[in-house]
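Trainee: Can you keep this structure in mind? I'll have questions shortly.
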Amino acid sequence: MTPENKSYLGLLLLSISALFLIPVTLAQDLPESTVSARLPDQFQAAFFPQSDLTMPHRPSNPPHKGDSFTPYPPQVPFDVAGYPVAPQNLQLEQVHVYVRHGERTPVGIRLADPPANIPEHWMMCKTARRFKAAVTGFMNANPDTGEVLQTRKVVERRDGRVADGECLLGELTDIGRRSTFSFGRGLRRLYIEKLGFLPDTMQDTKAVYFRTTNIPRTTESLQQIIHGLYPTSKCHPAAIPPILIRNGKDENLIGNTYNCKRLEILLVSFAKAAAEAFNHTLEHLDPKLSKYLDGNPIRIDGKPRASGVLDTVRAAAAHGLIVPPEFEDPRVIDLIERAVVTEWFAGTYLLPPWPTEEVRRLGMGPLMGDMIRKMQHKVEHGDKDSLKILVHSTHDTAIAGLCSTLDVFDEKWPAFTAAITFELFKKSDDSANQSRSPNYPQSFLSFLGKTSPAQHYIRMRYQHKNLILPLCAGSGRHLEGHPEFCTLAAFQERVNELVPSDWDAECLSAGRL
């Protein structure tokens, strides 16, 4: 099945070796033994050669000038100008970002034969194909004095032929690198240049946190984002931000079916139910689409699966490649999307008697628990906690899972670089009371050396738009007059319900007893 969860295990082994290699463009300005997330500034001047012109492109590629970038729909550019500044009595304290990786190739070969003719071989990975890796011999084990091995990555086809610039299946492309760099630049323009929330120059790494799944495309996306946020010229030489990666058994940036049998069982049952519910609705598409599928019908559990067809079409469209006109018909693609979204994400948004709450707990509960713990630490320690921005590079399943778990999912497949932000704000009770009553005896409290405890709020944004969380709709559960600002207490109350109390026990095949 196409979306990222099913490919996670297969790519896990490949990523173990891939993560030890660093593109030359990422490493050439650094000490030879250093593995860093930073890119040199001159990288921008030579950003991305053109893709193979023999591929069937649309008449024009996305317009770009300098470091600005306009992606193909349904991808959306980072909207800094449209960012709604919070009320003056709210102070931004911490930002948590969850972003899907950039544009990639399909994870499988589909629709390659006539009449679809979507390329089997994607010549869109010409950037960062040369690598430097820190190596050391047994006689010289000091990492600071190790040698540097230069290599070049080239795809070899089954027949032994090689092609420079060819992509692997599921690989971040040159366009994906550009879009994620642009996302990082958007973060910089917003949180540094517009809001002054982050320091202009990274003197150390105390204010930042960067984490990715153990998959090359998310790791490389995060490297691009970091360079957009803090280019080399804005980093102290000693400020080398670590990229955090967890072992598969500890991963929570996706629903971890690898280490939770119960979650796997539940998701498979939802997929089967979706096939039963939606396959008949896809039947009337067969006369239009079967000719592209070797005569096979399009079905959720078909060959190829509907999710695989959607993945290939969306990946091609995101790179400006020509797709069959039937797949540009909203009546066709919207129906396929609805069926696939139901297959993959209905487990987090269907109503009882479906075990939706259990899927939410096992799928997204651990991740949300991590987030709320970091926010609570910030609340309790204030300025003593220097952490300001946390960027997580993840997959479509995490983006849709978070939205579904909080009941704000739009039931659309998350686009490449689709992002969710959770912003933590602080507001003191003193300012709130003073605004309600001009005669409030503030000076008397100050004379006593007492201050009221601070109130905290969370604002969730998806694709650069505010979301109003249903869990915060009640009176006293959001900032008065601003329903998008959920009280931390209300948000934390819901997260506490979602965090498994005993992960190992709940992940047994039978679930909680």
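Trainee: Does the range 278-322 come out rounded, prolate or oblate by the C-alpha gyration tensor, with a ≥ b ≥ c the root eigenvalues, rounded set by a/c under 1.5 and, if not, prolate when a/b is larger than b/c and oblate if not?
Mentor: Verdict is prolate for the range 278-322.
Trainee: Got a sec? What order do His464, His482 fall in by accessible area at 1.4 Å, biggest, i.e. largest, first?
Mentor: Result, largest first: His482, His464.
Trainee: Still on this structure, I have one more. Provide the solvent-accessible area of Ser501, counting protein heavy atoms only and rolling a 1.4 Å probe, rounded to the nearest 10 Å².
Mentor: Rounded to the nearest 10, that gives 110 Å².
Trainee: With all distinct Cα pairs included, what does the Kirkwood hydrodynamic radius of the range 257-347 come out to in Å, to one decimal, could you say?
Mentor: By the Kirkwood definition, the hydrodynamic radius is 13.8 Å.
Trainee: Let me ask something additional. So what are the ³J(HN,Hα) numbers for the range 470-476, from phi and the Karplus equation (6.51, -1.76, 1.60; θ = phi - 60°), rounded to whole Hz, Gly and Pro as x?
Mentor: Per-residue couplings from phi come out as x, 5, 10, 6, x, 4, x Hz.
Trainee: Name the long-range amide H neighbours of Cys235: under 5 Å, sequence gap of 5 or more, or other chain; modelled H, no Pro or chain starts.
Mentor: It is Met202, by chain and number.
Trainee: If you don't mind, there's one more thing I want to ask. Under a plain spin-label model, where a point goes 7 Å from the Cα along Cα-to-Cβ, how far apart in nm are Asp410 and Leu169?
Mentor: 3.1 nm
Trainee: Now for a different question. Using a 1.4 Å probe and ignoring any ligands, DNA or RNA, find the accessible area of Ser221 and quote it in Å² to the nearest 10.
Mentor: Probe radius 1.4 Å; accessible area of Ser221 about 0 Å².
Trainee: Right, here's the next one. Non-local amide H neighbours of Val107 (under 5 Å, H modeled in plane, Pro and chain starts lacking H): which ones?
Mentor: Result for Val107 returns Gly170.
Trainee: Heavy atoms only, probe 1.4 angstrom, no DNA, RNA or ligands counted: give me His377, His227 ranked by accessible area, highest first.
Mentor: Values: His377 85, His227 0 Å².
In descending accessible area the options line up as His377, His227.
Trainee: Now for a separate question. What does the accessible area of Arg177 come to, in Å² to the nearest 10, when a probe of 1.4 Å is used?
Mentor: Accessible area of Arg177: about 10 Å².
The values are calculated or read from the model by the stated rules, or taken from the named source; none is laboratory data. The structure presented is a predicted model; accordingly, all values stated were derived computationally and were not measured. A quick note on method: Cβ atoms are made from the backbone with ideal geometry, for glycine too, and the neighbour counts reach across all protein chains shown. Quick note on the areas: whole protein, heavy atoms, side chains included, nothing else; ligands and nucleic acids left out. Shrake-Rupley method; radii C 1.70, N 1.55, O 1.52, S 1.80 Å.
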